[in-house]
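See below for the structure under consideration.
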Amino acid sequence: MNTLNATPPSPLNLVNPDLPLTDMRDQLLDQGYLIIEELAVDLARRTHTDLIPHIADAPFGHDEFLGERTKRLGGILKKSIAARELVTHPVVLAMAEAVLLDYATNYQLNFSGVMHLEPGAQAQPLSHLGITTLMPTMWALSDFDTANGGTQVVPGSHLWTDERRPLPEETVHAEMPAGSVLIYLGGTIHGGGTNDSDQNRTGMALQYSLGWLRQEENQYLAHPPEVAQEFSEELRRLIGYNYGGSYLGFVNGDDPHRLFEPEYDGPAMRSTPKIDAAKASLTKYKVTALRDKGKVF
Ligand SMILES: O=C(O)CCC(=O)C(=O)O
């Protein structure tokens, strides 16, 4: 039983971090987005402090999408140790598993970047990326609200056709205190808002994608082995020093993570047991789903 059941649902789909993961997953899949309020306040504060000097040096965007009063910053994991923990936050990874593992046996970090809207930043054209190949998140490093350009999302739009355009009243802005995270689906219509306030709005976008897709940010160049060796094994595997699926991404026929395991002298491993188990269950799931639709006999 969660505390939310006692009160009317938040129009912003704001939930507290104690909500059971299954309820969070259901809200995310149903509405196409979810905001977990103050999930990691201290980590977000430390990340913000680490990144402030880098944001000061970052350039503004040069077109309507990138925003002429918006600064973006990549290669975050070498700039902030605290950010590394946000990438592997267990609640967010649980949502990524729930959302992405219907279509792949593994998932990965697709992108990590700051999106910093200064006063006067204009709203982005809304994007509709289509089917769920991605689970983007936006961590509030500062408070987000409608006035300062809180991310726009269109509830339920992950189920819309490409042709349908949202009416203004169908769009909500993520309003959330620093340390909260907005999680949405790749197919949910979204975009940065207009910053009409006199404050900066700083968010960190961490996106996860199907393990067999090309990553948007080239993680191996952004975080080459000499940088990644400082990361945890979980983080290294998540950024791509791992199999993307069975037999996908090997190096010399072996697990790419061997690069960080000089002591390993066993046989080359062409997949991981976890990925093989996921593949087996996925195949079973797909055959069952097709049989239910009368397509396999
Ligand atoms: O800044 C935001 O709130 C969202 C930005 C975004 O969706 C993007 O640049 O792809």
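Every read-out reported here was derived from the displayed coordinates using simple, explicitly stated rules and does not represent laboratory data. Keep in mind that this is a model prediction, so the values were computed, not measured. Cβ placement follows ideal geometry from the backbone for every residue including glycine, while neighbour counts extend to all protein chains displayed.
Scalar couplings 3J(HN,Hα) for region 254-265, obtained by applying the Karplus form with A = 6.51, B = -1.76, C = 1.60 to θ = phi - 60°, are 10, 4, x, 5, 4, 3, 9, 10, x, 7, 6, 10 Hz; x denotes Gly and Pro. Among the aspartates and glutamates, select those whose C-alpha is under 19 Å from the C-alpha of residue 284, and discard any that sit fewer than 8 residues away in the same chain. Excluding near neighbours in sequence, the set is 97, 102, 276, 292. Length available on full extension from residue 65 to residue 270: 0.36 nm per residue minus the Cα-Cα distance, which gives 69.7 nm.
Think of it as helices only: each DSSP H run of n ≥ 4 in the chain is worth -39500 (n - 2.57), and spread over all residues that comes to -8000 deg cm²/dmol at 222 nm.
Using Cα pairs closer than 8 Å and at least 6 residues apart in sequence, work out the relative contact order for region 177-264, in percent. So the answer I get is 19 percent. FRET efficiency for the residue 259 to residue 198 pair, using the beta carbon distance and R₀ = 41 Å, is estimated at 0.30. For the chain, the membrane-span-like helix rule (DSSP H, alpha carbon extent of at least 18 Å along the helix axis, mean Kyte-Doolittle at least -0.5) picks out 41-57, 273-292; this says nothing about an actual membrane.
Within the chain, the ratio Rg/Rh, alpha carbon atoms throughout and Rh by Kirkwood, equals 0.98. Checking every one of the GluC sites (Glu not before Pro) in region 139-185 against DSSP loop status and a limit of 10 other Cβ atoms within 10 Å picks out 163. Only Cα pairs under 8 Å and 6+ residues apart enter the sum, and on that basis the relative contact order of region 143-203 stands at 55 percent. Stretching the chain fully between residue 56 and residue 18 yields a gain of 10.1 nm (0.36 nm per residue, less the alpha carbon separation).
The GluC sites (Glu not before Pro) of region 22-90 meeting both criteria, a DSSP state outside H, G, I, E and B (loop) and at most 14 other C-beta atoms within 10 angstrom of the site's C-beta, are 64, 68. Ranked by how many other Cβ atoms sit within 10 Å of their own Cβ, fewest first, the residues 221, 101 fall in the order 221, 101. Approximating the spin labels as points 7 Å out from Cα along Cα→Cβ, the residue 91-to-residue 284 distance works out to 3.2 nm.
About its Cα centre, the chain has a charge dipole of approximately 960 debye under the convention of +1 per Lys or Arg Cβ and -1 per Asp or Glu Cβ, with nothing else charged.
Each Lys or Arg adds one and each Asp or Glu subtracts one; over the other residues with Cβ under 15 Å from the Cβ of residue 67, this totals -1. The relative contact order of the chain, computed from alpha carbon pairs under 8 Å that lie at least 6 residues apart in sequence, is 22 percent.
The Cα atoms of region 80-126 give a gyration tensor whose axes a ≥ b ≥ c have a/c of 1.5 or more with a/b no greater than b/c, which makes the shape oblate. Between 49, 272, 283, the residue with the greatest mean-square fluctuation in the GNM of the chain (Cα pairs under 10 Å linked by springs) is 283. Ordering 117, 252, 131 by the projection of their Cα atoms onto the charge dipole of the chain, which places +1 on the Cβ of Lys and Arg and -1 on the Cβ of Asp and Glu, puts 252 at the extreme positive end. If we count every other residue with Cβ under 12 angstrom of residue 205's Cβ, Lys/Arg +1 and Asp/Glu -1, where does the sum land? Residues close to residue 205 contribute a combined charge of -1. Given R0 = 45 Å, the distance between the Cβ atoms of residue 246 and residue 161 translates into a calculated FRET efficiency of 0.85.
How would you rank 80, 127, going from fewest to most other Cβ atoms within 10 Å of each one's own Cβ? So the residues, fewest neighbours to most, are 127, 80. Would you look at the GNM of the chain, springs on alpha carbons closer than 10 Å, and say which of 269, 176, 95 moves the most? Maximum fluctuation in the GNM of the chain, among the listed residues, is at 269. Among the trypsin sites (Lys or Arg not before Pro) within region 195-260, those in coil by DSSP and having at most 12 neighbouring Cβ atoms inside 10 Å are 214. Approximating the spin labels as points 7 Å out from Cα along Cα→Cβ, the residue 146-to-residue 72 distance works out to 2.8 nm.
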